[in-house]
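Please read the structure below before turning to the comments.
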Amino acid sequence: MLRIIVLLPLLFALSNASVQDFCVANLKRAETPAGYPCIRPIHVKAKDFVFSGLGTPGNTTNIINAAVTPGFAAQFPGLNGQGLSTARLDLAPKGVIPMHTHPGASEVLFTLKPGQVMVFPQGLLHFQINAGKSAAAAFVTFSSASPGLQILDFALFANSLPTELVSATTFLDPTIVKKLKGVLGGTG
């Protein structure tokens, strides 16, 4: 019986019920690997849990004809500590979100066709492209506040690795590698 009494406080300490329900981000303080520090609960407002930033299309007049509008804790303080983040993708016709991975999260993409969703498991190489004739928008949710982003094109061509090495490992002609390095800011 004494063992049960001694273990009972330990069970309560390990229970999620003892965890804070929310931690609205204090954006005046620096973000840490665990997220932002919390504002005092007395200062929390309903508006901290509402984010309208995904309602406006992003500017797609760029080299990829696409835009990503983040909804992370820095933009949406109520997400802090929830283990989630979100974003809006806007793609003009022929727009593309280049091949990339999210090493820290899985991604759920909404609106392939109305009502459809698609999941990209954590670390899976993927891309989005608008093959249609009109602008397209999609919304994503990540299973982490910090999903991370590794864009393959930048990893391959925006570096100082020798062109010959990149050419050998990608099977691309050295002329193409040099051109891509020039566009993306690489050297070598």
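The values are calculated or read from the model by the stated rules, or taken from the named source; none is laboratory data. In this text, all values refer to a predicted model and were calculated from it rather than measured experimentally. Here Cβ is always computed from backbone atoms with ideal geometry, including for glycine, and neighbour counts include all displayed protein chains. SASA here: full protein model, heavy atoms, side chains in, ligands and nucleic acids out. Shrake-Rupley method; radii C 1.70, N 1.55, O 1.52, S 1.80 Å.
Ala138 passes every criterion in (1) among the aliphatic types (A, V, I, L, M); (2) over 27 Å from Gln20 (Cβ atoms); (3) in contact with a Phe, Trp or Tyr (Cβ under 7 Å, 6 or more places away or on another chain); (4) open to solvent by 20 Å² or more (accessible area, probe 1.4 Å) apart from (4). The residues of the range 151-185 that are open to solvent by less than 40 Å² (accessible area, probe 1.4 Å), over 22 Å from His102 (Cα atoms) and of a type outside the set (Val, Ile, Thr), listed by number, are Ser167, Lys181. Scanning the range 53-71 for residues that are without any contact (Cβ under 8 Å) to a residue 24 or more places away in the chain, part of a strand (DSSP E or B) and either over 16 Å from Thr111 (Cβ atoms) or open to solvent by 60 Å² or more (accessible area, probe 1.4 Å) (or both) returns a single hit, Pro70.
Could you pull out the residue among Thr175, Thr141, Thr169 that is under 25 Å from the mean Cα position of the chain (by Cα), hydroxyl-bearing (Ser, Thr, Tyr) and modelled with pLDDT of 90 or more? The unique qualifying residue is Thr141. For the range 72-131, filtered to residues that are open to solvent by 70 Å² or more (accessible area, probe 1.4 Å) and not in a loop (DSSP other than H, G, I, E, B), the residue that is farthest from Ala145 (Cα to Cα) is Ile129.
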